[in-house]
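Visitor: What follows is a structure written as structure tokens; I'll ask about it next.
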Amino acid sequence: MGLVKYALPIVFLSTVPASAQLITDVAWPNIDSYCIFQRAEQKLVYDDPDTWKFVFFSNVDGSGMGRPETAFAAIRYQLHELQLVNSSETADGETRTYRTFSGPDFSFVIDLSVTEEGGEYTSYSGTMTVEGDGETEVVEIHGDCGV
């Protein structure tokens, strides 16, 4: 009696959609930052580390040497340092333009509207537009800057 061999098709299912996100979250509980921005639908709960997910964050040099703000964002799960190219005030907030410091060339335009101001912080809502590698993605964001 001979053996009959059957070829079964193998189907691989991916959880990554055909057009994967360009802007991806950075999970960093208890981050020490100057500015943090999350997706508009996310909410930061101080005591819940699972909610500490950001699409953009920055630090200010505390050395007193007058160094510029250092910003970071993730593109396809790779963290990139961003260089501030331009910042301008608008009627209700500000617009900041960044570019990747090294690696693939991406630009980031962050349009912010002030939602609340305190003694040492400012809260914002707005959009972050990322362009590069033939792709563009716009994300609604909220967050704050300050201490």
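The values are calculated or read from the model by the stated rules, or taken from the named source; none is laboratory data. All values reported here derive from a predicted model rather than from experimental measurement. Virtual Cβ from ideal backbone geometry, glycine too; neighbours counted across all protein chains shown.
Visitor: Working only within the range 116-146, note down all residues that are of a type in the set (Gly, Ala, Ser), surrounded by 14 or more Cβ atoms within 10 Å (Cβ to Cβ) and more than 26 Å from Val45 (Cβ to Cβ). Talk me through it step by step, then tell me what you get.
Guide: Quick first cut of the range 116-146, residues of a type in the set (Gly, Ala, Ser) only: 118-119, 123, 125-126, 132, 134, 143, 146.
In the following step, the residues that additionally are surrounded by 14 or more Cβ atoms within 10 Å (Cβ to Cβ) were identified as 123, 125-126, 132, 143.
Across the range 116-146, the qualifying residue is only Gly132.
Visitor: Can you work out which of the residues in the range 1-42 that are among the charged types (D, E, K, R) and surrounded by fewer than 10 Cβ atoms within 10 Å (Cβ to Cβ) is modelled with the lowest pLDDT? So that I can check it myself, show each step before the final result.
Guide: To start, the set of residues in the range 1-42 that are among the charged types (D, E, K, R) comprises 5, 25, 32, 39, 41.
In the following step, the residues that additionally are surrounded by fewer than 10 Cβ atoms within 10 Å (Cβ to Cβ) were identified as 5, 32, 41.
Details: Lys5: 41, Asp32: 84, Glu41: 96.
Taking the candidates together, the pick is Lys5.
Visitor: Assess whether Gly93 counts as being out of contact with any strand residue (DSSP E or B) (no Cβ under 6 Å at 6 or more places or on another chain) and not hydrophobic (A, V, I, L, M, F, W, C).
Guide: So Gly93 does not fit the description; no.
Visitor: Let me ask another. If we scan the range 94-115, do we find a residue that is touching a Pro at 6+ places or on another chain (Cβ under 8 Å) and surrounded by 12 or more Cβ atoms within 10 Å (Cβ to Cβ)? I'd like the intermediate steps shown before the answer.
Guide: So the first thing to find is which residues in the range 94-115 are touching a Pro at 6+ places or on another chain (Cβ under 8 Å), and the list is none.
The answer is no; no qualifying residue exists.
Visitor: Six or more apart or on different chains, Cβ under 7 Å: which pairs go from a residue in the range 28-51 that's on the phi < 0 side of the Ramachandran plot to one that's among the charged types (D, E, K, R) and modelled with pLDDT of 90 or more? Could you list them?
Guide: Going by the 7 Å Cβ cut-off, the qualifying pairs are Ile36/Asp144; Gln38/Lys53; Arg39/Glu140; Ala40/Glu140; Gln42/Lys53; Thr51/Lys43.
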